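The values are calculated or read from the model by the stated rules, or taken from the named source; none is laboratory data. Everything numeric in this text was worked out from a predicted model, so none of it was measured. We place every Cβ from the backbone using ideal geometry, glycine too, and count neighbours over all the protein chains shown. Surface accessibility is based on the protein's heavy atoms, side chains included, excluding ligands, DNA and RNA. Shrake-Rupley method; radii C 1.70, N 1.55, O 1.52, S 1.80 Å.
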Amino acid sequence: AKQQQRGSSQYFSAAMGSDARERFKLLKGLRAGFEENQLFVVYQPQVDLDSARVIGAEALLRWRTPEDRFIPPDQFIPLAEQSGLIIPIGEFVMRAACAQLRKMQRLGHTDFRMAVNVSMAQFRHPGFIDMLARALHDSGVAGHNIELEITESMAMDDADLVLRVLAGIKRLGFSVAIDDFGTGFSSLSQLRQLQVDRLKIDRAFVQEAQSSSAGSTIAQMVVNLGRGLGLTVIAEGIETEEQRRYLIGLGCHEGQGWLFARPMPAEQLETWMQR
Ligand code: C2E
Ligand code: CA
Ligand code: CA
Ligand code: CA
């Protein structure tokens, strides 16, 4: 990654700066890049921890510039959110994920679950539910094979709005996961109100679980909370066999991370599934 980050890309240096002009430049690059098809979606498998069976995949957005440089989503997604560009980009991701899900189903993976990240800015957009309905309709997949990942901080942000949008999402049959769980401050009652299906333990706790007692306490609490509420618990960022075993020991059901597979392009996912 270091190697990739060195060099003189105007985009990358802009991404690193906090200066308003540099951010503007990056946003301009993103806008043009989106028009010129520089954005694409990769897929990272999610597995059942006990059996190692593949359950599905998470769709993750990528931006490759013409100079072959990858700009990390952590840098350009906030800009897309602030500028409103996340509305068309979010639709692009949803359509790509639905089309890929359809393909997986055609290949015989009928229970495949596709997870898609969504932003608060999308929740605030009045056309969001219509967009989801059209994406389902046009691709011919059912909502129940798709899971929307919303962050814990989103769930806390504007409870009324989030509840209202979640109701629309549920009507379309989607399931919902709370992403980056353990990093926010949601209360038990808020969680219950949200009627989510899955808790996703943030990678920070997975990776700290064996090295710090705070990390392991939080990991344990999240698993217990999820199980107590009757939710499935998935852990992200599993890199080692020790982490996998530790999480199974905690009672965690599902996992995602480099130990199983890195995010990969669509074609590679299809062959990876045949392995
Ligand atoms: P996230 O939703 O928490 O996604 C998990 C991140 O962890 C991904 O980073 C993934 O590549 C990375 N990861 C997976 N397994 C491992 C592992 O074993 N070790 C380590 N160190 N990392 C692992 P990525 O792809 O760079 O995405 C970063 C964030 O950007 C995502 O975090 C998500 O918040 C956001 N993002 C990505 N795609 C989209 C999108 O289509 N829409 C929205 N709204 N946000 C997105
Ligand atoms: Ca996610
Ligand atoms: Ca996450
Ligand atoms: Ca994250």
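Taken about its Cα centre, segment 81-182 carries a charge dipole of about 600 debye when Lys and Arg each add +1 at the Cβ and Asp and Glu each add -1 at the Cβ. Taking 0.36 nm per residue of sequence separation and removing the Cα-Cα distance, the Arg227/Glu270 pair yields an extension gain of 12.3 nm.
Sorted by mean Cβ packing within 10 Å, highest first, what order do the peptides 262-268, 140-146, 58-64 take?
Details: 262-268: 14.1, 140-146: 17.9, 58-64: 19.6.
Highest mean packing first, the order is 58-64, 140-146, 262-268.
Around the amide H of Gly56, modelled in the peptide plane, lie the amide H atoms of Gln46, Arg113, all under 5 Å away and 5 or more residues distant in sequence or on another chain. Here the Debye sum runs over all C-alpha atoms of segment 190-235 as equal scatterers in vacuum, and log10 of I(q)/I(0) at q = 0.17, 0.28, 0.31 Å⁻¹ comes out as -0.46, -0.95, -1.06. If you bin all the Cα-Cα distances of segment 201-268 at 10 Å, starting from zero, the percentages per bin are 22, 53, 19, 5, 0.
Counted over segment 145-275 with a bin width of 10 Å, the fraction of Cα pairs per bin, in whole percents, is 12, 40, 32, 15, 1. When +1 charges are put on Lys and Arg Cβ atoms and -1 charges on Asp and Glu Cβ atoms, the dipole computed for segment 54-103 relative to its Cα centre reaches about 280 debye. Projecting the Cα atoms of Gln207, Met221, Leu188 onto the dipole axis of segment 187-275, where Lys and Arg carry +1 and Asp and Glu carry -1 at the beta carbon, places Leu188 farthest toward the positive end.
The calculated 222 nm mean residue ellipticity attributable to helices in the chain amounts to -15000 deg cm²/dmol, summing -39500 (n - 2.57) over DSSP H runs of n ≥ 4 and dividing by all residues. Rounded to the nearest 20 debye, the dipole magnitude of the chain is 400 debye, with +1 charges on Lys and Arg beta carbons, -1 on Asp and Glu beta carbons, and the Cα centre as origin. log10 I(q)/I(0), Debye, Cα-only segment 60-194, no solvent, q = 0.10, 0.14 Å⁻¹? Here log10 of I(q) over I(0) equals -0.35, -0.68.
Based on the Kirkwood radius over alpha-carbon pairs, what value in µm²/s does the Stokes-Einstein equation return for the translational diffusion coefficient of the chain at 4 °C and 1.567 mPa s? Working shown, then result.
Working: Rh = 19.5 Å.
Here the translational diffusion coefficient equals 66 µm²/s.
Just to be sure I understand: of the beta bridges DSSP finds with both ends in the chain, what percent are antiparallel, rounded to 5? Please list the in-between numbers first.
Working: 14 of 36 bridges.
Antiparallel bridges: around 40 percent, rounded to the nearest 5.
Looking at segment 132-218 alone, DSSP beta bridges between its own residues are antiparallel in about 0 percent of cases. The accessible surface of the chain, taken with every protein chain in place and a 1.4 Å probe, is 49 percent carbon and sulfur.
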